[in-house]
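Please read the structure below before turning to the comments.
The values are calculated or read from the model by the stated rules, or taken from the named source; none is laboratory data. Remember, predicted model here, so these are calculated numbers, not experimental data. Here Cβ is always computed from backbone atoms with ideal geometry, including for glycine, and neighbour counts include all displayed protein chains. Accessible surface is based on the protein model in full, side chains and every heavy atom, while ligands, DNA and RNA are left aside. Shrake-Rupley method; radii C 1.70, N 1.55, O 1.52, S 1.80 Å.
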Amino acid sequence: MTTTVEHRFDEAAITRLRQEFSQVSTSQLADASGDLVTALRLPLRSRNGLPRVAGPAFPVTTDDDMLPCLQALAATPPGWILLLVNEQRPSEALAGDILTASALAQRLGGLVVDGAVRDLDDLAELPIPVFSTEVTLVSARTTRERAPHVPQTVRTGGVEVRPGDWLVGDADGFVVVPEDKVTAVLSAGRLLRAREDRLKQSIRDGAGTLAELTGLADFLAGTGELRFEV
Ligand SMILES: O=C([O-])CC(=O)C(=O)O
Ligand SMILES: [Mg+2]
């Protein structure tokens, strides 16, 4: 059974927001947004060289079984990120080049697997971000237990991810952003990015070292604050 997902953002809006998120790192989003974002405690790595992903999550849990993955893939709207969470460790491969080729043809925003993928050489040819915590050549061949419904609220990396929550990932890691906080988080991240860019530019311009620009000596002497603004 497929549960209808409410769309706060249509495909064009998702594409625009994805482009805007690509200008800001997950570290900056986390620094700028405090409690509005939650870091996923997962070693997710890009498996095809595409370094970033952002979009609403379409999550499903599985027990080393392809069937829930296929059900969720079939129902994931364009622009959304298919999020597969395997309960088994180590994981068998839940996705490879064939599932990913379909995700690309369906215009999904990406594939994120708390578990294993495979076919890395072929994934490198597919222009859709694929992240996973593991890699194995061993396929999750079984199609035994269907998901009672998709999408599902899942627990992964110590965090509850609901359908429509945004996943933003890069080389530093992943954050989860509640759907109604996406634009606020993005704005805060962009402001921080601009501040950090100004500080780096000042260092490059020779305006001072980091210690000088931040007032480190005064801070250590107890006569001033540490400053990260220039
Ligand atoms: O059987 C699997 O693990 C999935 C697979 O290889 C593919 O999607 O190409
Ligand atoms: Mg394959």
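Among residues other than A171 with Cβ under 9 Å from its Cβ, the summed charge is 0 (Lys and Arg +1, Asp and Glu -1). Highest mean packing comes first when the peptides 192-200, 144-152, 165-173 are listed by Cβ atoms within 10 Å, giving 165-173, 144-152, 192-200.
Would you mind checking the tilt of helix 182-204 against the longest principal axis of the Cα atoms of the chain, expressed as 0 to 90 degrees and rounded to 10? Its long axis makes an angle of about 40 degrees.
Diffusion coefficient of the chain by Stokes-Einstein, Kirkwood radius over Cα pairs, 25 °C, 0.890 mPa s: 131 µm²/s. Which percent, to the nearest 5, of DSSP beta bridges fully inside the chain are antiparallel? Antiparallel bridges make up about 45 percent of those DSSP assigns within the chain.
If the chain linking T209 and R146 were pulled fully straight, counting 0.36 nm for each residue of separation and taking away their Cα-Cα distance, it would gain 16.8 nm.
Split the accessible area of the chain by element, probe 1.4 Å, and carbon with sulfur accounts for 52%.
Relative to the Cα centre, the charge distribution of the chain, modelled as +1 at Lys and Arg Cβ and -1 at Asp and Glu Cβ, gives a dipole magnitude of about 220 debye. With respect to the chain, whose longest principal axis is taken over its alpha-carbon atoms, helix 66-75 is tilted by about 70°.
Take every pair of alpha-carbon atoms less than 8 Å apart whose residues are at least six positions apart; their mean separation over the length of the chain yields a relative contact order of 27 percent. Taking label points 7 Å from Cα along the Cα-to-Cβ direction, D35 and D122 give a separation of 4.7 nm.
Rolling a 1.4 Å probe over the protein heavy atoms gives the chain an accessible area of 50 Å² per residue.
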